[in-house]
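K.L.:
Let me begin by handing over the structure; questions about it come next.
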Amino acid sequence: MMQQTPRQKTKSALIKAAQRLFAEKGIGTVSVKEITLAAGARNPSAVHYHFGNLEALIKEVFTERYNQIEQSRLARIAQLDVQAAEHPVVELLTAGLGPLFEACLEEDGRLYARFCVQLAADPRFEMQDLIEDLGMTSIPSLRTQIAANLTYLPDHVLQMRFRQALSISLMQSSQFAERVEAKTAEPVEQAIREAAVTLAGYLSAERV
């Protein structure tokens, strides 16, 4: 592994400090000064120098870890045989949720899960748009395959449910992170499956 330059080290330290502060205190309450001090950056304008502004830093915190989740999710999707599955929507959601939950087994992943819940609740950001802007393909692929199994629902209903399901999934992973922290968590595969079954029930419910 190549050694980081001082500039790269400072940038990484800012991202790491920002993630922890956002997760613990909430995105809307953390100042640029707090992040700079927590990162140990000498330049008080380090955030602006490396990212331009606070919102760009928030997006960078999201992106850095999400890239890893994306690769893991794509690998899971590639292994699926949806046509042979007894409950294809559950299987697809299991593949989508797995990397989020598995990340929570590590401290950094638990911080990220809590950060994502904060991000999803912030009116300045739309989680689905952030993911689409990154050009990631796993979520669109999952949606297409799930929608193919829910053809009895109108498209506008499905799109609304997909957006809400994304927020629900982030809350599910954050709650699992809390249980891991408290040492009361069930096995991760069980947690993933339960979350997938719950989301599948929401997405596939008949309209009243």
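The values are calculated or read from the model by the stated rules, or taken from the named source; none is laboratory data. Treat the numbers as computed from the prediction; the structure is a model and nothing was measured. As a convention, Cβ positions derive from the backbone with ideal geometry for all residues, glycine included, and neighbour counts pool all protein chains shown. These accessible areas exclude ligands, DNA and RNA; they are computed on the full protein's heavy atoms, side chains included. Shrake-Rupley method; radii C 1.70, N 1.55, O 1.52, S 1.80 Å.
K.L.:
Counting just the residues of the range 88-143 that are modelled with pLDDT under 95 and of a type in the set (Val, Ile, Thr), which one comes out nearest to residue 59 (Cα to Cα)?
P.N.:
Checking each candidate, the answer is 131.
K.L.:
Something else: Being among the acidic types (Asp, Glu), under 14 Å from residue 96 (Cα atoms) and under 20 Å from the mean Cα position of the chain (by Cα) is the requirement here; does residue 194 meet it?
P.N.:
yes
K.L.:
For residue 167, state whether it is open to solvent by less than 10 Å² (accessible area, probe 1.4 Å), closer than 15 Å to residue 100 by Cα, assigned to a helix (DSSP H, G or I) and touching a residue at least 24 places away in the same chain (Cβ under 8 Å). Before you say what the answer is, go through the steps one by one.
P.N.:
Numbers: open to solvent by less than 10 Å² (accessible area, probe 1.4 Å): no; closer than 15 Å to residue 100 by Cα: yes; assigned to a helix (DSSP H, G or I): yes; touching a residue at least 24 places away in the same chain (Cβ under 8 Å): yes.
It is false that residue 167 is open to solvent by less than 10 Å² (accessible area, probe 1.4 Å), closer than 15 Å to residue 100 by Cα, assigned to a helix (DSSP H, G or I) and touching a residue at least 24 places away in the same chain (Cβ under 8 Å).
K.L.:
Would you confirm whether any residue within the range 21-30 is among the hydroxyl-bearing types (Ser, Thr, Tyr) and in contact (Cβ under 8 Å) with a residue 12 or more places away in the chain?
P.N.:
No: the range 21-30 contains no residue that is among the hydroxyl-bearing types (Ser, Thr, Tyr) and in contact (Cβ under 8 Å) with a residue 12 or more places away in the chain.
K.L.:
I would also like to ask the following. Residues of the range 5-25 being open to solvent by less than 80 Å² (accessible area, probe 1.4 Å) and over 26 Å from residue 175 (Cβ atoms), which ones?
P.N.:
Within the range 5-25, 5, 10, 11, 12, 13, 14 meet the criteria.
K.L.:
Could you count how many residues in the range 112-128 are surrounded by fewer than 17 Cβ atoms within 10 Å (Cβ to Cβ) and either more than 20 Å from residue 173 (Cα to Cα) or among the basic types (Lys, Arg) (or both)?
P.N.:
Counting residues in the range 112-128 that are surrounded by fewer than 17 Cβ atoms within 10 Å (Cβ to Cβ) and either more than 20 Å from residue 173 (Cα to Cα) or among the basic types (Lys, Arg) (or both) gives 2.
K.L.:
Looking at (1) over 14 Å from the mean Cα position of the chain (by Cα); (2) in a helix (DSSP H, G or I), which is the only condition residue 98 fails?
P.N.:
(1)
K.L.:
Looking only at the range 26-43, decide whether some residue is assigned to a loop (DSSP other than H, G, I, E, B), among the hydroxyl-bearing types (Ser, Thr, Tyr) and either under 22 Å from residue 126 (Cα atoms) or open to solvent by 20 Å² or more (accessible area, probe 1.4 Å) (or both).
P.N.:
So far as the range 26-43 goes, yes, one or more of its residues are assigned to a loop (DSSP other than H, G, I, E, B), among the hydroxyl-bearing types (Ser, Thr, Tyr) and either under 22 Å from residue 126 (Cα atoms) or open to solvent by 20 Å² or more (accessible area, probe 1.4 Å) (or both).
K.L.:
Moving on. Return the only residue of 197, 208, 157 being farther than 28 Å from residue 27 by Cβ, among the β-branched types (Val, Ile, Thr) and not in a helix (DSSP H, G or I).
P.N.:
208
K.L.:
Show the residue pairs that are 6+ apart or on different chains and have beta-carbon atoms under 9 Å apart, the first residue being within the range 197-208 and closer than 11 Å to residue 93 by Cα and open to solvent by less than 40 Å² (accessible area, probe 1.4 Å), the second being of a type outside the set (Lys, Arg) and in a loop (DSSP other than H, G, I, E, B).
P.N.:
200/87; 203/150; 203/153
The rows are residues; the columns are (1) of a type in the set (Val, Ile, Thr); (2) open to solvent by less than 80 Å² (accessible area, probe 1.4 Å); (3) assigned to a helix (DSSP H, G or I).
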site	(1), (2), (3)
146	yes, yes, yes
150	no, yes, no
153	no, yes, no
163	no, no, yes
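K.L.:
Then there's this: Please verify whether the range 99-111 includes one or more residues that are surrounded by fewer than 17 Cβ atoms within 10 Å (Cβ to Cβ) and either touching a Lys or Arg at 6+ places or on another chain (Cβ under 8 Å) or at positive phi (or both).
P.N.:
Scanning the range 99-111, I find at least one residue that is surrounded by fewer than 17 Cβ atoms within 10 Å (Cβ to Cβ) and either touching a Lys or Arg at 6+ places or on another chain (Cβ under 8 Å) or at positive phi (or both), so the answer is yes.
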